[in-house]
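Report on one structure; see the data block that follows.
The values are calculated or read from the model by the stated rules, or taken from the named source; none is laboratory data. Note that the coordinates shown come from a computational prediction; the quantities given were computed from them, not determined experimentally. Methodologically, a virtual Cβ is constructed for each residue, glycine included, from the backbone with ideal geometry; neighbour enumeration extends over all protein chains shown.
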Amino acid sequence: MIKRVFPAEPVYRALALATVPAALSTGLFISVSVLYFTRVVGLGAGIVGTGLTVAGAVGVATSYLGGRLADRLGADRVQLGANVMQALALLAFTFVNSAGAFVAVACAAVGAQRLQRVATGALQARWFTGEDRVKVRAQLRVVTNVSIGLGTCLAAIALTLDTASAYRSTVAATAFLAAAATIPLFGLRGRVSGLAVALQAGDRRGNADRTVRSPLRDRTYLSIAALNSVVAMHFGIQTVALPLWITRSTDAPAAMVSVLMVVNTAFVALFQVRASRGTHDLRRAGQTVRRGTLVLSAGCLVLAAAGDVGVGVSVVLLIVAELFISSAEVWCEAGGWGLAFELADPANAGAYQGVSQTGYALGGMAAPVVVTVTAVQHGLAGWALLAGIFVAAGLMVAAQAERAAGLRRRLEVDLAA
């Protein structure tokens, strides 16, 4: 972790140093936010759910917008502005006292978070090349997961005190941590030689001899982004389906929710970088996503088997299922990153990353509903249906990646001739 947070490469170091406080903020916020909004602010659970759904829709729009802005203004500037915006939005949560204000602030917070992700992806796409892009993305994800885990541990203080002031202070702390994430990014292009040139809007001066591709007219990229949005719904299993399934349909103790979260965090920290090796190759990236969805489907079926089988067997099956799901997560993410980077037009990197993140945002918005109406409500049949959806999406991603790799190979042969 020390090497990943303080690497020698200056751009990656700035991104890593910004990621730590931002992810700590996220860990704190997700741990106390529901209790804060329902018990301190006094909002109903339905209002909170509706507000977050509306905010998710805003996040879809800002994902695409963020890519366009990154090409026009520079990815580092967009990320810096989004960090400031999110810090202000999190601070505004401490003053929220009505449903309307909550929805407005939630939209700003989620929109800013999506802008951050797009800008980070665009910055990586422009500054790093080939295998380094996926490797840096994987290393940053490790830093993110570990920092979120630490944030959830710190949140135990507020949860133990269980007072309005403790929850309000914790939400305020998330804002200050988000603000701290801006510090490593200030003056980045001035400190790093050549970064300003790499981040020039569209970098079109070096590509005047050809037409810059638009992601909205790139059928292969759009189809893979859409399919990856389906694959990305697997995050809903971890955050929504597992807590509900464990507490409603298995004999395992509720504490298993936290145990499985720890298993997932540790697994990603240990294996995400290893899983990303070689996924800058289109064919291998598609195969990695396919492998991940096949393992994910196995995890879904093991989860289905964990219901009503006794405490001991249920606990064992849940841990086995979590290992399957965590393996699938690192593979699906690594393959998806490789495809998102390698299929994009370098001269329009921001717009392409915006489309990619729009797909993830759509998947994140749909996941709670999809996993609930399938697996949680219908048991084995629902888990089997969910597994089939993931496998179908993974097979189609691999097929599209194989086709794109073949076209690229033929183009290289033609150019060489």
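When you look at Y352, is it in contact (Cβ under 8 Å) with a residue 60 or more places away in the chain, in contact with a Pro (Cβ under 9 Å, 6 or more places away or on another chain) and buried (at least 22 other Cβ atoms within 10 Å of the Cβ), yes or no?
Details: in contact (Cβ under 8 Å) with a residue 60 or more places away in the chain: yes; in contact with a Pro (Cβ under 9 Å, 6 or more places away or on another chain): yes; buried (at least 22 other Cβ atoms within 10 Å of the Cβ): yes.
The answer is yes for Y352.
Which one of these is in contact with a Lys or Arg (Cβ under 6 Å, 6 or more places away or on another chain) and part of a helix (DSSP H, G or I): T94, T53?
Numbers: T53 fails: in contact with a Lys or Arg (Cβ under 6 Å, 6 or more places away or on another chain).
That would be T94, the only listed residue that is in contact with a Lys or Arg (Cβ under 6 Å, 6 or more places away or on another chain) and part of a helix (DSSP H, G or I).
Inside the range 93-116, can you point out the residues that are touching a residue at least 60 places away in the same chain (Cβ under 8 Å) and either of a type in the set (G, A, S) or surrounded by 22 or more Cβ atoms within 10 Å (Cβ to Cβ) (or both)? Please lay out each step first, then the result.
Taking the range 93-116 first, the residues touching a residue at least 60 places away in the same chain (Cβ under 8 Å) are 93-94, 102, 114, 116.
Those that are touching a residue at least 60 places away in the same chain (Cβ under 8 Å) and either of a type in the set (G, A, S) or surrounded by 22 or more Cβ atoms within 10 Å (Cβ to Cβ) (or both): F93, F102, R114, Q116.
For the range 56-91, which residues satisfy the criterion of being modelled with pLDDT of 90 or more and either assigned by TED's automatic domain parsing to the domain that holds A344 or surrounded by fewer than 17 Cβ atoms within 10 Å (Cβ to Cβ) (or both)?
Matches in the range 56-91: V84, L88.
Regarding Q124, is this residue in contact with a helix residue (DSSP H, G or I) (Cβ under 7 Å, 6 or more places away or on another chain), at pLDDT 90 or above and either in a helix (DSSP H, G or I) or surrounded by 24 or more Cβ atoms within 10 Å (Cβ to Cβ) (or both)? Give the steps one after another, and end with the answer.
Values: in contact with a helix residue (DSSP H, G or I) (Cβ under 7 Å, 6 or more places away or on another chain): yes; at pLDDT 90 or above: no; either in a helix (DSSP H, G or I) or surrounded by 24 or more Cβ atoms within 10 Å (Cβ to Cβ) (or both): yes.
Spelling it out, it is not the case that Q124 is in contact with a helix residue (DSSP H, G or I) (Cβ under 7 Å, 6 or more places away or on another chain), at pLDDT 90 or above and either in a helix (DSSP H, G or I) or surrounded by 24 or more Cβ atoms within 10 Å (Cβ to Cβ) (or both).
Would you point out the residue of the range 1-44, among those that are at pLDDT 85 or above and among the aromatic types (F, W, Y), that is farthest from L270 (Cα to Cα)?
Filtering first and then ranking leaves F37.
Please verify whether G336 is at positive phi and either modelled with pLDDT under 95 or not polar (S, T, N, Q) (or both), treating the condition exactly as stated. Steps first, answer last, please.
Values: at positive phi: no; either modelled with pLDDT under 95 or not polar (S, T, N, Q) (or both): yes.
Answer is no for this residue.
Has the range 214-229 got at least one residue that is at pLDDT below 90, assigned to a helix (DSSP H, G or I) and crowded, with 17+ Cβ neighbours inside 10 Å?
Yes; the residues of the range 214-229 include at least one that is at pLDDT below 90, assigned to a helix (DSSP H, G or I) and crowded, with 17+ Cβ neighbours inside 10 Å.
Hey, does the range 285-298 have a residue that's charged (D, E, K, R) and crowded, with 18+ Cβ neighbours inside 10 Å? Give the derivation first.
Going through the range 285-298, the residues charged (D, E, K, R) turn out to be 290-291.
With crowded, with 18+ Cβ neighbours inside 10 Å added as a condition, the list becomes 290-291.
Yes, the range 285-298 contains at least one residue that is charged (D, E, K, R) and crowded, with 18+ Cβ neighbours inside 10 Å.
Do we find that D162 is surrounded by fewer than 22 Cβ atoms within 10 Å (Cβ to Cβ) and at positive phi in this structure? Let's see the steps before the verdict.
On the way: surrounded by fewer than 22 Cβ atoms within 10 Å (Cβ to Cβ): yes; at positive phi: yes.
When the stated conditions are applied, D162 passes them.
Any chance the range 39-55 includes a residue that's in the same structural domain as F176 (by TED's automatic domain parsing), closer than 30 Å to S214 by Cβ and among the aliphatic types (A, V, I, L, M)?
Yes, there is a match, as at least one residue in the range 39-55 is in the same structural domain as F176 (by TED's automatic domain parsing), closer than 30 Å to S214 by Cβ and among the aliphatic types (A, V, I, L, M).
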